[in-house]
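Contents: one structure, followed by commentary.
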Amino acid sequence: QLQASGGGLVQAGGSLGLSCVASGRTFSRYAMGWFRQAPGKEREFVAGMKWSGGTTYYVDSVKGRFRISRDTAKNTVDLQMNSLKPEDTAVYYCAAATDYSPTILSGIAYGYWGQGTLVTVSS
């Protein structure tokens, strides 16, 4: 099970940090990812990390502003969001991929999803 936390309300230009912790049974991970879904829009990939090696991926709109990281001791994957914009407003979901996938930028690679945490950026 994945539990995401850290969402909230922030003004444009501000920062928020999201955290995702895996609990329950231990499962191997190929990758971890963060996705978001804004009202009336489809879910989109935000950031991802291959668990082995730590290679990271970002959607163009957040490059240079967001950073995905992991803490293997705490079994968490975090998303630090800086210079937030109103268009970043969405429900953010963390996800885990346990098996190899040719791309971790697609939601179909992920078999485990957290419950989502709301991020609201006011202008």
query = Tell me, in nm to one decimal, what length is gained between residue 82 and residue 108 on full extension, where the rule is 0.36 nm per residue of separation less the Cα-Cα distance?
reply = 6.6 nm
query = Using a 1.4 Å probe, what is the accessible area per residue for the chain, in Å²?
reply = 52 Å²
ask   = Over the range 7-105, with a single point scatterer placed on each C-alpha, what log10 of the ratio I(q)/I(0) does the Debye formula yield at q = 0.22 1/Å?
value = -1.20
remark   = Place a point 7 Å from the Cα of residue 44 in the direction of its beta carbon; the residues of the range 66-105 whose amide N falls under 13 Å from it are 85-91
request  = Ignoring everything but the protein chains, give the 1.4 Å probe accessible area of residue 112 in square angstrom, nearest 10.
outcome  = 70 Å²
task = Over the range 1-68, calculate the relative contact order: mean separation of alpha carbon pairs under 8 Å at least 6 apart, over the residue count, as a percent.
result = 21 percent
query = When we measure straight from the Cα of residue 74, which lysines land under 26 angstrom away, once same-chain ones fewer than 8 places off are left out?
reply = 50, 63
message = Placing unit charges on C-beta atoms (Lys and Arg positive, Asp and Glu negative, everything else neutral), compute the dipole magnitude of the chain about its Cα centre in debye, rounded to 20.
response = 180 debye
ask   = In the range 9-82, what percent of the accessible surface is made up of carbon and sulfur (1.4 Å probe, ligands and nucleic acids excluded)?
value = 46 percent
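The values are calculated or read from the model by the stated rules, or taken from the named source; none is laboratory data. Just so we're clear, the structure is a prediction, and the values are computed from it rather than from any experiment. As a convention, Cβ positions derive from the backbone with ideal geometry for all residues, glycine included, and neighbour counts pool all protein chains shown. Areas reflect the complete protein model, heavy atoms only, side chains present, ligands, DNA and RNA absent. Shrake-Rupley method; radii C 1.70, N 1.55, O 1.52, S 1.80 Å.
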